[in-house]
1. Taking the condition of being of a type in the set (V, I, T) and crowded, with 16+ Cβ neighbours inside 10 Å, how many residues in segment 160-186 meet it?
2. Check whether at least one residue in segment 125-133 is over 20 Å from L200 (Cα atoms), polar (S, T, N, Q) and in contact with a helix residue (DSSP H, G or I) (Cβ under 7 Å, 6 or more places away or on another chain), and report yes or no.
3. From the residues in segment 67-86 that are among the polar types (S, T, N, Q) and either without any contact (Cβ under 8 Å) to a residue 12 or more places away in the chain or assigned to a loop (DSSP other than H, G, I, E, B) (or both), which one is nearest to Y164 (Cα to Cα)?
4. Residue check: is I122 over 31 Å from the mean Cα position of the chain (by Cα), at pLDDT below 95 and assigned to a helix (DSSP H, G or I)?
5. Mind checking which pairs have a first residue in segment 186-198 that is closer than 15 Å to F211 by Cβ and a second that is in a loop (DSSP other than H, G, I, E, B) and of a type in the set (G, A, S), Cβ under 6 Å, 6 or more apart or different chains?
6. F90 versus (1) in contact with a Ser or Thr (Cβ under 8 Å, 6 or more places away or on another chain); (2) over 15 Å from I69 (Cβ atoms): which is the lone unmet condition?
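The values are calculated or read from the model by the stated rules, or taken from the named source; none is laboratory data. It should be emphasised that the depicted structure is a prediction, and the values quoted were computed from it without experimental measurement. Cβ placement follows ideal geometry from the backbone for every residue including glycine, while neighbour counts extend to all protein chains displayed.
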Amino acid sequence: MAQSERTKIVSKKTHDSQQAAQPVVVNGKLVSVMILSLLFIAAVLLPGSISAAEKKTPRPAAAVKESSINDSNVRGILKRTDDQLKKNDFVSTLGPSLKINDFAKDVLSSVKTVRTYYEKAISDAATPQSEKENILLKLRRLEEVEKRYNGIYEASTFNLGYIYAKRGDAERGRKYLSEYIKIAPFSAKKDSQWMKAKTLLLELYGLEGEF
């Protein structure tokens, strides 16, 4: 290639490079190619960065819910329910009262089943004496559990009858109050829980003052 032609090619490449480095005009403002490139890269990477930041941002903790009812907390929940009922709260007390009532009923049902098998084992001549003595100890503990949960079941049954009556649900109110006067110990005192349940039940029947 002739020297003059090589010189022209080199000059052309140099000229093209200089033009590429020159800023371009957009809407009357000078914006360099480098700035445009940076803006493009930022536009591509920014959404991903925001998304990653959102993932790293800790979310607020969910509201703490009432723990499931068990033997360690059932009496505490019953007491809080009683305190709220004294304030005429017939809304937030319904759910806990239903759970307490179901739990106590299940415990008593299980106690009854276990007691049946224990008593059969004790009366069985084939049961070793040492095992009978161990079962007798367990039966005494069962009696304590049964006594405790009879009280819890009675209290929650009364509460449910009272709550439903105050909420205007006569049918459910009668159901629980009728159950209560069957299972609770009788007392003729006017201010006793039994008499209060009976009086409220008669009101729901429309038989107030009849008996």
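1. To start, the set of residues in segment 160-186 that are of a type in the set (V, I, T) comprises 163, 181, 183.
Remaining after also requiring crowded, with 16+ Cβ neighbours inside 10 Å: 163, 181.
Residues in segment 160-186 being of a type in the set (V, I, T) and crowded, with 16+ Cβ neighbours inside 10 Å: 2 in total.
2. First pass over segment 125-133, keeping only residues over 20 Å from L200 (Cα atoms): 125-133.
Checking the rest, the ones that are also polar (S, T, N, Q) come to 127, 129-130.
Subset that is in contact with a helix residue (DSSP H, G or I) (Cβ under 7 Å, 6 or more places away or on another chain): 127.
Within segment 125-133 (the criterion being over 20 Å from L200 (Cα atoms), polar (S, T, N, Q) and in contact with a helix residue (DSSP H, G or I) (Cβ under 7 Å, 6 or more places away or on another chain)), the answer is yes, since at least one residue qualifies.
3. Here is the first cut: in segment 67-86, the ones among the polar types (S, T, N, Q) are 67-68, 70, 72-73, 81, 84.
Filter once more, so that each one left must be either without any contact (Cβ under 8 Å) to a residue 12 or more places away in the chain or assigned to a loop (DSSP other than H, G, I, E, B) (or both): 67-68, 70, 72-73, 84.
Values: S67: 24, S68: 23, N70: 24, S72: 27, N73: 24, Q84: 15 Å.
Only one residue tops the list, namely Q84.
4. yes
5. Every condition considered, the pairs that remain are W194/A184; W194/S187.
6. (1)
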